[in-house]
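Engineer: Dropping a structure here in structure tokens format, bear with me for questions.
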Amino acid sequence: MARRHIVEVEQFDRNDLELVFERADVMRQGAPETLRVPSKVLATVFYEPSTRTRLSFESAMLRLGGSVISTENAREFSSAIKGETVEDTIKIINGYADAIVIRHHEQGAANRAALVSDVPVINAGDGPGEHPTQALLDLYTIRHELGRIDDLTIALVGDLRFGRTARSLAKLLTRTTGCRLVFVSPPAVPMGDDVRQMLDTAGIPYTDTPDLKSAVAGADVVYQTRIQRERFATEEEYQRSSGIYLIDASVMDAMKPKSILMHPLPRVGEITTDVDADPRAAYFRQAHNGVYVRMALLQLLLTGDWS
Ligand code: NCD
């Protein structure tokens, strides 16, 4: 594969995962001198809202000794509002930065950016498409919390149609062995056929169930997600899918003692805050892991260590 850009999880084979995860373990202790990238500049260009993804990329770059330039509301505050294409914007930023992290509202936009860019482009979410670095930090979190990424039962809960993090994680799980997936989604937002086909090809079994408690009872990992309000055609359609699957203390009671609850965040009520005190609630640790994984990815891309 071309390891110049990170556009989709399909680019990562099992060896790549081991490399990224081992390097993230090193970064957890602080970047050693040999893995720093001083004099390199990262541009973060976000056409959609973000807290974790943008700030963790920027924190990662600063912790590697590099610098950051940023436009956080590119849809309104960049030349996009004047009608500039993504392609033109990227060509311009090529003269300002050594790598570009882009989040865009259109599926495929990161790929378009990569096609015209001489510097590495990292997809930080392209509409309802993919969010590959989130999937990497999610799988890294599973490895860190449970000590393995194989032979696990993983329940994906919530908006599996528009939720790019659940889509990317399910695809990345094709790089594991012995895992089983359980999909728990409102009827209007099931997991897409493209992901199901990838799982079929990889021999990863999956089932759908409307029964949250039975799904979590058998799971090693419960991955809750937000219903993606901004992707529904009408507020009415959003309301029909929202509020159906809530994780509260009674759902935690049904989970195995040695399991974890994850969420890419932000949450908007789908995990009650009293659950935060449960040691199995891993979502804040998950968000923090984003810095180490993104340090590893930036270092690998910017130094050509990954080619
Ligand atoms: C997610 C996203 O933007 O896809 N957030 C994130 O990057 N952690 C999830 C979401 O918005 O629901």
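The values are calculated or read from the model by the stated rules, or taken from the named source; none is laboratory data. Bear in mind that the values here come from a model prediction, so they are computed numbers and not experimental data. Cβ coordinates were reconstructed from backbone atoms using ideal geometry, including for glycine residues, and neighbour counts include every protein chain displayed. Ligands, DNA and RNA are stripped out before the accessible areas are found, and what is left, the full protein with its side chains, is counted by its heavy atoms. Shrake-Rupley method; radii C 1.70, N 1.55, O 1.52, S 1.80 Å.
Engineer: Find, among the trypsin sites (Lys or Arg not before Pro) in the range 184-271, those assigned to loop by DSSP (not H, G, I, E, B) with at most 13 other beta-carbon atoms within 10 angstrom.
Structural biologist: Taking the range 184-271 and a limit of 13 other Cβ atoms within 10 Å, the loop trypsin sites (Lys or Arg not before Pro) found are Lys258.
Engineer: Once the Cβ-Cβ distance between Asn94 and Ala217 is put in as r, and R0 is 30 Å, what FRET efficiency do you end up with, to the nearest 0.05?
Structural biologist: With a Förster radius of 30 Å, E is 0.05.
Engineer: Please pull out the direction-averaged projected area of the range 123-186, using the convex hull of its alpha-carbon atoms, in nm² to one decimal place.
Structural biologist: 4.1 nm²
Engineer: Mind listing the phi-derived Karplus ³J(HN,Hα) values for the range 235-248, rounded to whole Hz, using 6.51, -1.76 and 1.60 with θ = phi - 60°, and x for any glycine or proline?
Structural biologist: Each residue of the range 235-248 in turn: 4, 4, 5, 4, 4, 5, 9, 8, x, 7, 10, 10, 9, 10 Hz.
Engineer: Relative contact order for the chain: what percent, with Cα pairs under 8 Å and sequence separation of 6 or more?
Structural biologist: Averaging sequence separation for qualifying contacts and normalising by length gives 20 percent for the chain.
Engineer: Follow-up question, since we're still on this one. Using a probe radius of 1.4 Å on heavy atoms only, what accessible surface per residue do you get for the chain? Whole Å² is fine.
Structural biologist: Computed with neighbouring chains in place, this is 41 Å² per residue.
Engineer: Separate question: Filter the chymotrypsin sites (Phe, Trp or Tyr not before Pro) in the range 36-122 to those in DSSP coil with at most 16 other Cβ atoms within 10 Å of their Cβ, and list the result.
Structural biologist: Here the sparse-neighbourhood loop sites are Tyr96.
Engineer: Still on this structure, I have one more. Per-residue HN-Hα couplings for the range 265-275, Karplus 6.51 cos²θ - 1.76 cosθ + 1.60 at θ = phi - 60°, whole Hz, x for Gly and Pro?
Structural biologist: Residue by residue, the range 265-275 yields 6, x, 9, 10, x, 7, 10, 6, 5, 5, 5 Hz.
Engineer: Please enumerate, by chain and number, the lysines with C-alpha under 28 Å from the C-alpha of Lys91, excluding those fewer than 8 residues away in the same chain.
Structural biologist: Lys40, Lys82
Engineer: Then there is this: Which values of log₁₀ I(q)/I(0), to two decimal places, follow from the Debye formula for the range 70-226 at q = 0.13, 0.20 Å⁻¹ with a uniform point scatterer at every Cα?
Structural biologist: Rounded to two decimals, the profile gives -0.67, -1.16.
Engineer: Hydropathy first: keep DSSP H helices in the chain averaging at least -1.0 on Kyte-Doolittle, then drop any whose Cα extent along the axis falls short of 27 Å, and list what survives.
Structural biologist: What comes out of the filter, once short or polar helices are dropped, is 283-303.
Engineer: Report the Stokes-Einstein translational diffusion coefficient (µm² s⁻¹, integer) for the chain, Rh taken as the Kirkwood radius over Cα pairs, at 20 °C with viscosity 1.002 mPa s.
Structural biologist: 109 µm²/s
Engineer: Take the range 22-142, drop everything but the C-alpha atoms, weight them equally and run the Debye formula without solvent; then report log10 I(q)/I(0) at 0.10, 0.13, 0.18, 0.20 Å⁻¹ to two decimals.
Structural biologist: After summing over all Cα pairs, the log10 values are -0.30, -0.51, -0.96, -1.16.
Engineer: Related question: Quick one: accessible surface of His131, probe radius 1.4 Å, all protein chains present, in square angstrom to the nearest 10.
Structural biologist: Rounded to the nearest 10, that gives 10 Å².
Engineer: For the range 140-158 and the range 275-303, what is the centre-to-centre distance using only Cα atoms, to the nearest Å?
Structural biologist: Spelled out, the Cα-based centre of one part sits 14 Å from the other.
Engineer: Let me ask something else. Pick out, in residue order, every one of the trypsin sites (Lys or Arg not before Pro) in the range 68-165 that is DSSP loop and has at most 13 other C-beta atoms within 10 Å; say none if there are none.
Structural biologist: Those that pass, being in a loop and sparsely packed, are Arg148.
Engineer: Evaluate the relative contact order of the range 189-300 (contact order divided by residue number), counting alpha-carbon pairs under 8 angstrom at least 6 apart; express in whole percent.
Structural biologist: Reported relative contact order: 26 percent.
Engineer: Rg(Cα) of the range 193-304 divided by 2.2 N^0.38 Å?
Structural biologist: In units of the globular-protein estimate, the range 193-304 measures up at 1.28.
Engineer: Using a 1.4 Å probe on the protein chains only, how many percent of the accessible area of the chain belongs to carbon and sulfur?
Structural biologist: Using a 1.4 Å probe with all protein chains present, the chain comes out at 50 percent carbon and sulfur.
Engineer: If you average the C-alpha positions of the range 176-246 and of the range 25-51 separately, how far apart do those two centres end up, in angstrom?
Structural biologist: If we compute the Cα centre of each part, the gap is 32 Å.
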